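Accompanying notes for the structure given below.
The values are calculated or read from the model by the stated rules, or taken from the named source; none is laboratory data. Since we're looking at a predicted model, the values are computed, not measured. All Cβ positions, even for glycine, are placed from backbone atoms using ideal geometry, and neighbour counts span all protein chains on display.
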Amino acid sequence: MPAIPLNLSASLARRGRPAPWYPPLAYIFVLAVGLLAGTISGIIGTGSSIMLVPVLVYEFGPKQAVPIMAVAAVIANASRIMAWIRNVDWRACAAYSITGIPAAALGARTLLVLPSRAVDLAIGAFLIAMVPVRHWLARKSFTISLWHLALGGALIGYLTGIVVSTGPISVPLFLFYGLSRGAFIGTEAASSLGLYLSKAVTFRQFGALDWSILLKGAITGSSLMAGAFLAKRYVLKMDPNRFRLVMDGIMLIAGASMLWNAASPSQ
């Protein structure tokens, strides 16, 4: 399979060919799914990447989908911080981020050398595997300290650099620390913000984040931001168990779609 250039539009420009054009309907579809994903993730604290990545892969391809989602995730997490700024546990955020930020940069660099089919396979298999892992973690009724958050940040940060979203792992980590509702959503968002910023900067440094991808990420992120503020009023009213089941379904469907995309002969 021929290598796919990281900076696609710049590569085409150097060869005298125009960058690919995407119809307005593609952006409308992404915005609609983004609004839904932003609302759900604003209620349960995660899930926007899981819902959006298959859509971004379908519309823009796997190599563009990952940096687009990194930009969108920065905007989404910033919006959740603004919505819950008074509830953020900054000590937990610092412990998680101090190891997670450099680990995310390392993971992003690892991702950039992988072929597109491997990216699809890794994301799809990861999402499906996280369903039983999340249930296993939920059955372990134990509490963790700031040191545990730092260790978890290193592992999850590296995985975040590679597989787009590690919310299914980071969610129980912060819950085991003792956070809930607004404090959980705000702190998890503040902790994830540094990881996605690190990932986006790494993509930029290695030529995988040109202005067209930044624009697509900003468009996607705007819908996630709107969803985050729509969700705030429902956070205290939703049944957590129901949304855990919703998350399982979303992860299974998204993971299966990524594996199907990897198996497609057009890859």
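Look at region 42-68: where a residue is under 18 Å from A189 (Cα atoms) and a partner is among the acidic types (D, E) and part of a helix (DSSP H, G or I), sitting 6+ places away or on another chain with Cβ atoms under 6 Å, you get G45/E188.
Taken across region 29-51, residues that are at pLDDT 75 or above and assigned to a loop (DSSP other than H, G, I, E, B) do not occur at all. Quickly run through region 215-245 and pick out the residues that are surrounded by fewer than 17 Cβ atoms within 10 Å (Cβ to Cβ) and either outside any helix (DSSP H, G or I) or at pLDDT 85 or above (or both). Correct list: L215, A218, L236, K237, M238, D239.
Could you say whether any residue in region 58-75 is of a type in the set (D, E), part of a helix (DSSP H, G or I) and more than 20 Å from T202 (Cβ to Cβ)? Within region 58-75 (the criterion being of a type in the set (D, E), part of a helix (DSSP H, G or I) and more than 20 Å from T202 (Cβ to Cβ)), the answer is yes, since at least one residue qualifies.
Working only within region 76-101, note down all residues that are closer than 22 Å to Y158 by Cα, among the aromatic types (F, W, Y) and crowded, with 22+ Cβ neighbours inside 10 Å.
Y96
Can you confirm whether region 90-101 contains a residue that is part of a helix (DSSP H, G or I) and touching a Lys or Arg at 6+ places or on another chain (Cβ under 8 Å)? No, region 90-101 contains no residue that is part of a helix (DSSP H, G or I) and touching a Lys or Arg at 6+ places or on another chain (Cβ under 8 Å).
In region 34-88, of all residues being more than 20 Å from L112 (Cβ to Cβ) and polar (S, T, N, Q), the one that is farthest from the chain's Cα centre (by Cα) corresponds to N87.
Among what's in region 193-211 and is modelled with pLDDT under 85 and of a type in the set (S, T, N, Q), pick the residue that is surrounded by the fewest Cβ atoms within 10 Å (Cβ to Cβ). In this case the residue turns out to be Q205.
Within the group A154, A150, A183, which residue is modelled with pLDDT under 85, assigned to a helix (DSSP H, G or I) and surrounded by fewer than 24 Cβ atoms within 10 Å (Cβ to Cβ)?
Residue meeting the stated conditions: A183.
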